[in-house]
1. Express the Stokes-Einstein translational diffusion coefficient of the chain in µm² s⁻¹, to the nearest whole number, given a Kirkwood radius over alpha-carbon pairs, 10 °C and a viscosity of 1.306 mPa s.
2. At 1.4 Å probe size, with the rest of the protein present, what percent of the exposed accessible area of the chain is carbon and sulfur atoms?
3. Rg and Dmax of the stretch 29-78 over Cα atoms: what are they, in angstrom?
4. Would you please name the trypsin sites (Lys or Arg not before Pro) within the stretch 26-81 that are DSSP coil residues with at most 13 other C-beta atoms within 10 Å of their C-beta?
5. As an exercise, use a Förster radius of 30 Å and the Cβ-Cβ distance of N58 and L11 to find the FRET efficiency, rounded to the nearest 0.05.
6. From the C-alpha gyration tensor of the stretch 46-105, pull out the three semi-axes of the equivalent ellipsoid (sqrt of 5λ each), sorted largest to smallest, in whole Å.
7. Would you please state which residues of the stretch 80-115 a label at E44 would reach in this model, taking the label point 7 Å out along Cα→Cβ and a backbone N cut-off of under 20 Å?
8. Taking 25 Å as R0, compute the FRET efficiency from the Cβ-Cβ separation of F29 and S114 and round it to 0.05.
Amino acid sequence: QVQLVESGGGLVQPGGSLSLSCAASENIFNFNAMGWYRQAPGKERELVATINVGGITNYADFAKGRFTISRDNAENTVYLQMGSLKPEDTAVYYCNARLLSKSNWGQGTQVTVSS
């Protein structure tokens, strides 16, 4: 089973930027899509962005124009660049690797947006 390790979370002020990384233990070409999801306290986990094996991206409405997902196939790493952060972006961010109907998850990284 693939291991996904997220990093880059932390505390940032409103309006600031943060970059998350997700390192996979195997070739990410093995998966139909890689993605980022988030879960805020008391809320369900929600999609942030995905990128498929062809590089096509998909974003949640709240992420459009502020977040960018990318992948480095040589490094088996997926990134999420976040800008113009808001307090409501505070959540645990999870990396996801999907093959058909099977999803693999990382342990998550906390992002807190607060002054």
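The values are calculated or read from the model by the stated rules, or taken from the named source; none is laboratory data. Fair warning: this is a prediction, and the values are worked out from it, not measured in the lab. Every residue, glycine among them, receives a Cβ derived from its backbone with ideal geometry; neighbour counts consider all protein chains shown. Keep in mind that these areas ignore ligands, DNA and RNA; they rest on the heavy atoms of the full protein, side chains included. Shrake-Rupley method; radii C 1.70, N 1.55, O 1.52, S 1.80 Å.
1. Using the Kirkwood radius from Cα pairs, D works out to 114 µm²/s.
2. After summing per-atom areas, the C and S share lands at 48 percent.
3. Taking only Cα atoms of the stretch 29-78, I get Rg and Dmax of 11.8, 37 Å.
4. Passing both the DSSP loop test and the Cβ count: K43, K64.
5. That gives a FRET efficiency of 0.60.
6. 20, 14, 11
7. In the stretch 80-115, the label zone of E44 (backbone N under 20 Å from the point 7 Å along Cα→Cβ) covers 89-98, 101-106.
8. E(calc), rounded to 0.05, equals 0.10.
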